[in-house]
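K.L.:
Below is one structure. I have some questions about it.
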Amino acid sequence: MINLLIMGKPGAGKGTQASRLLEHYQLTHISTGDIYREEMAKDSEIGKLAKEYIGKGELVPDDITNDIVKEVLHKQDYPKGFMLDGFPRTKAQAVALDKMMDELGITLTSVINVDVDDSVLLERMAGRRVCSNCGATYHIHFHPPVKDCVCDLCGHPLIQREDDLEESVLNRLKIYNEKTKPLLDYYKKKGLLFVVNGDMPKDKVFRIITQKLGD
Ligand code: AP5
Ligand code: MG
Ligand code: ZN
């Protein structure tokens, strides 16, 4: 069983690498951002609440996010292991995750930090397009769809995420520096941290990660 965390600034390429790694290691993807976007699309109670925070680039409160992850982990629907993407993002979430994993008798294999310079992020997020149906991620320059504005996988229209506007991106980056960056030290001290330079073509980033984790 391989249980991974993928961390990094907003737009670093967590989701992009996660989707390849999931396939490669047959892992179950647990992305709190994706879960919130699905709930917002359904206009559920959680979705309505999350929308108030996400649009502004704020974090959804810890207790709500922790409860969601706890429920998903307790289903134990990850025969080969899981890839947590976008969680934990605060010290309180990291402590809660340790407790959840203790209860389940499982451990983390590795924490991957996809490291990119701030200057790269704005360009990545300004050009990001996501499928309105399946959530697949594209970039107008770095990963364009075969047919303009249409998902290669399911044919639905591509849209821009509402939190990809520059103001929201800058706020996400500020919150990352305050709340999430300190977690790198938390995992470094546990001997779990692996830093990969994310400012390279995505295939190369993927190869470096799999070389480190082993085939
Ligand atoms: P979330 O969905 O997790 O967003 P994020 O952390 O801001 O990260 P992104 O998804 O924006 O970026 P990414 O690193 O996945 O990059 P991607 O692969 O798409 O969270 C959204 C919001 O939900 C949060 O702000 C918060 O409000 C809430 N939330 C979620 N989790 C929470 C939690 N735990 N607690 C509280 N609130 C929470 O790549 C970006 C672009 O770059 C794409 O267009 C891609 O094609 C392109 N690209 C990727 N890699 C490369 C490369 N190597 N070269 C060139 N282009 C590349
Ligand atoms: Mg993502
Ligand atoms: Zn699609």
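The values are calculated or read from the model by the stated rules, or taken from the named source; none is laboratory data. In this text the structure is predicted, and so the values were computed from the model without any measurement. Quick reminder, even Gly has a Cβ in these numbers, built from the backbone with ideal geometry, and neighbours come from all protein chains shown. In case anyone asks, the SASA skips ligands and DNA or RNA and just uses the protein heavy atoms, side chains included. Shrake-Rupley method; radii C 1.70, N 1.55, O 1.52, S 1.80 Å.
K.L.:
Pairs please, first residue from segment 180-201 and modelled with pLDDT of 95 or more, second anywhere and away from ligand 3 (no atom under 16 Å from the Cβ) and acidic (Asp, Glu), Cβ atoms under 9 Å, 6+ apart in sequence or on different chains.
P.N.:
Between residues of segment 180-201 that are modelled with pLDDT of 95 or more and residues that are away from ligand 3 (no atom under 16 Å from the Cβ) and acidic (Asp, Glu), the close pairs are Leu193/Asp185; Val195/Asp115; Val196/Asp115; Asn197/Asp115; Gly198/Asp115; Asp199/Asp115; Asp199/Asp117.
K.L.:
Determine which single condition Leu153 fails, assuming it passes every other condition in (1) loosely packed, with under 15 Cβ neighbours inside 10 Å; (2) assigned to a helix (DSSP H, G or I); (3) modelled with pLDDT of 95 or more.
P.N.:
Result: Leu153 fails condition (2) only.
K.L.:
What number of residues within segment 131-179 are farther than 20 Å from Gln17 by Cα, away from ligand 3 (no atom under 16 Å from the Cβ) and without any contact (Cβ under 8 Å) to a residue 40 or more places away in the chain?
P.N.:
4
K.L.:
Going by what's in this entry, would Ala126 be described as more than 16 Å from ligand 2 (Cβ to nearest atom) and in contact (Cβ under 8 Å) with a residue 24 or more places away in the chain?
P.N.:
No: the conditions fail for Ala126.
K.L.:
Take Arg124 and decide whether it is open to solvent by 40 Å² or more (accessible area, probe 1.4 Å), on the phi < 0 side of the Ramachandran plot and either part of a strand (DSSP E or B) or modelled with pLDDT of 95 or more (or both).
P.N.:
The answer is no for Arg124.
K.L.:
In the set Ile46, Ile6, which member is in contact with a helix residue (DSSP H, G or I) (Cβ under 7 Å, 6 or more places away or on another chain) and open to solvent by 20 Å² or more (accessible area, probe 1.4 Å)?
P.N.:
Every option except Ile46 fails the conditions.
K.L.:
Of all residues being under 15 Å from the mean Cα position of the chain (by Cα) and of a type in the set (Lys, Arg) in segment 13-66, which is nearest to ligand 2 (Cβ to nearest atom)? Just the residue, please.
P.N.:
Here the answer is Lys14.
K.L.:
Might you let me know whether segment 67-88 holds any residue that is assigned to a helix (DSSP H, G or I), of a type outside the set (A, V, I, L, M) and within 8 Å of ligand 1 (Cβ to nearest atom)?
P.N.:
no
K.L.:
So for segment 50-61 (the condition being open to solvent by 40 Å² or more (accessible area, probe 1.4 Å), closer than 21 Å to Arg129 by Cα, among the β-branched types (Val, Ile, Thr) and in contact (Cβ under 8 Å) with a residue 60 or more places away in the chain), does at least one residue qualify?
P.N.:
The answer is no; no qualifying residue exists.
K.L.:
Looking only at segment 136-150, how many residues end up being more than 16 Å from ligand 2 (Cβ to nearest atom), open to solvent by less than 100 Å² (accessible area, probe 1.4 Å) and either assigned to a loop (DSSP other than H, G, I, E, B) or under 11 Å from Met125 (Cα atoms) (or both)?
P.N.:
4
K.L.:
Go through Asn113, Asn171 for me and flag whichever is surrounded by 12 or more Cβ atoms within 10 Å (Cβ to Cβ) and outside any helix (DSSP H, G or I).
P.N.:
Sole residue among the options that is surrounded by 12 or more Cβ atoms within 10 Å (Cβ to Cβ) and outside any helix (DSSP H, G or I): Asn113.
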